[in-house]
Structures are given as structure tokens and as C-alpha cells.
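For reference, the structure is listed below as C-alpha cells.
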């Protein structure tokens, strides 16, 4: 394992390494969900690049940015087990943005205007800015992203195609705790009592799936909202079922034939998301 904080020195190093190159972009606080991405990259590539960068432009809440878990020493120790096939990029913001830490403006084909895009202004422009930088400068053959951030995955796939980049974007299944909670770096910020409640996001999605083909979607949304009303400390932000490709919400009155359910909720000071195939 070699660690770099300069993209220029890393590009020079990678130029002599065998291809294909697989990249796993992360914001650190690594957990088994990240490891599943790294291990898939290890299986499918000769060289693997892991980035650890808490990207400031994808946070619309400064407190969220400042409180996001930063565990670089622990993360690097965990990556060591993958051996000398791995390279780690741990930049400062200046290495990516220079003197002006600001997102670029991308046409995201409307994929950014619903769900997380509606709730977190500018978030996906920040994601697109940093991911496009990684893909343009390192030119990985493959890049791996978890389906927990399914909307992000669709957006990254879109910008890759619209920019004519050669990287193949590979979505990987959600890794869950034994009780079903989707693994997330933010889970480490939950209190023990909040952690017990957090699994209700997944249970809510399962509840929705079990009723999805029995009632119209309009009624299903009301049922899910009522289900969450049973938990005073868990505030539902949204529940939607969308077309998995366009992310457009399905018709309120037509029966469900396919779709992906998305959910977000506030638990104390932490906001959690999850999603599930409804078909």
C-alpha cells in the first residue's frame, strides 16, 4: 500500500502500474460496505486506487461537514491488509479545487432535482465535480460505488456517459448489518438508543414492499407515513417509489409493476437514507 496526497505524483506512479485500474472513491470512516467495493475491485483489476476525501462541496450543512467522521489512521490501517496492489489518495481540498473550493455546474438530466437533490441543495453538483475530477485525471478502467447511494450512482453513470469518459461505473449491492440496517459511515454517530431505531428505515421499506402490489401508490405512501408515526424519535423525511433508471416518481394511481423504493429520515441529529427494489 502506498499513500499519496498529490494527484500529480499519484498519476506518475500509476503510469507504471499494470492495468486494468479499479477505483473506489470514499469519504473514509471505512466499514464492511466499503470493503465489499474494494474486494470487488481487487478481483477485477490488476491495480486498485482508493480515495479518502471528505468533499466539502457536497455538504449543504456546515455542521454536517464538520461532524462527518474522519478516521484516517484507522482507515489506512484497515486498507493495509489488501497489500501492495492498492494505492490510496488522501488529498487536501487544494489538490482538487485549488484556491477556489466551488462546484462546477453539470447538466444532470433532471436526476438531481428529486429526493436527495431536493433536500440537499447543490449536493450532487459537488459529487459530480469531485468524481469527474477523479475519473478524468486517474482514468480508471472501472469505478465502484455502493447502491445505498442509488441516486448518486445514477448521476455518476450519467456524467460518465455525457462527458465521454471511458470508465465503466459498477454499482454494488447494499451491505447490511445483521438486523438489516444499511451500513453507513454516519451510523457511527448514532447513540445506542438511536441505533436500535435506525433499522426502522429498512423495516419501513420492507413494509412498503409487502403492500406495494395490493394498494395504489397514493395509499401506500399514506400507509408508510402512518407506520413511521409510531416512532416519535424517527422523523420521516420522504418515501418515494421511482423508476430505477429515470428516478421519476411512479404514478400515484397506477398499480406498481416495477420500481425502487427510497426513504430518508432524521434520527436525532443524524439523517439516514436507504432504498430497496420493490419488484
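Since every read-out is calculated from the coordinates, none of them should be taken as a lab result. Computed from a prediction, not measured in an experiment: that's the story for all the values here. Note: ideal-geometry Cβ built from the backbone for every residue, glycine included; neighbour counts use all protein chains shown.
Worth a mention:
- Rounded to 10°, Cα long-axis angle of helix 217-228 versus longest principal axis of the chain: 80
- Label-to-label distance for residue 101 and residue 74 is 2.2 nm, based on points extended 7 Å past Cα in the beta-carbon direction.
- Ranked for footprinting exposure by Cβ neighbours inside 10 Å, fewest first, 213, 221 give 213, 221.
- More than 30 angstrom apart: percent of Cα pairs within the chain: 31
- In this structure, residue 257 and residue 192 have a Cβ-Cβ separation that, at R0 = 51 Å, corresponds to a calculated FRET efficiency of about 0.80.
- Label point at residue 230 placed 7 Å out along Cα→Cβ; residues across segment 248-279 whose backbone nitrogen lies under 20 Å: 262-268, 274-276
- Counting beta carbons within 10 Å around each of 54, 137, 263 and listing the fewest first gives the order 137, 54, 263.
- Based on C-alpha pairs under 8 angstrom that are at least 6 apart in sequence, segment 2-172 has a relative contact order of 28 percent.
- Placing dummy labels 7 Å off each Cα toward the beta-carbon, the span from residue 279 to residue 214 is 2.3 nm.
- GNM flexibility winner over the chain from 190, 205, 153 (Cα, springs under 10 Å): 190
- Contact order normalised by residue count of segment 185-277, Cα under 8 Å, 6+ apart, percent: 31
- Ranked 279, 192, 7, criterion: other C-beta atoms within 10 Å, fewest first: 192, 279, 7
- Summarising the label geometry, the points placed 7 Å from Cα in the beta-carbon direction at residue 19 and residue 237 lie 3.8 nm from one another.
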